[in-house]
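The structure appears right after this line, and notes come after that.
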Amino acid sequence: MAVHNPFSARPDGPTPSPDNDRQPVRVEPPWQTLVLVCTKCKGARRGPDAREIRKGLKQRAGKHKQLRVLEVDCLSVCPDDAITVCISKTSGASAVHIVHSHDELNGLAALL
């Protein structure tokens, strides 16, 4: 007796297809460093905001640096009077940094 699958279009179950056995495919990204910048850090009013950090890092890193900067909702660090930035490299190294002022962008860019 076949068991009815409510998610199937057919009462006897889904038709097997090669797609059911698919595995994720690892690809090499076009960048070497990924930077996540929190857009929810409210205490950063005296310092740079997410867009300023994005623009500043891209300018300081140079045109040929393989860098991707993404603005994300929340990194759950939530510092007072600062903004959270996570730098992750394709080599596997990653670190979370707290940025208090525009002056710290040069030091952050040096870590790229």
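The values are calculated or read from the model by the stated rules, or taken from the named source; none is laboratory data. This structure is a prediction, so every number in the text was calculated from the model and none was measured. When we count neighbours, we look across all protein chains shown, and the Cβ atoms used for this are built from the backbone with ideal geometry, even at glycine.
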**Selection within the range 59-81 - farther than 15 Å from residue 34 by Cα and either touching a Pro at 6+ places or on another chain (Cβ under 6 Å) or modelled with pLDDT of 85 or more (or both)** = 73, 74, 76, 77
**Hits in the range 84-110 (condition: of a type outside the set (Ser, Thr, Tyr) and under 15 Å from the mean Cα position of the chain (by Cα))** = 85, 86, 87, 89, 92, 93, 95, 96, 97
**Prompt:** Consider residue 55 against the criteria (1) touching a strand residue (DSSP E or B) at 6+ places or on another chain (Cβ under 6 Å); (2) surrounded by 13 or more Cβ atoms within 10 Å (Cβ to Cβ): it satisfies all of them except one. Which criterion is unmet?
**Reply:** (1)
**Request:** Considering only the range 1-49, state which residues are surrounded by 16 or more Cβ atoms within 10 Å (Cβ to Cβ) and modelled with pLDDT under 75.
**Result:** 44, 47
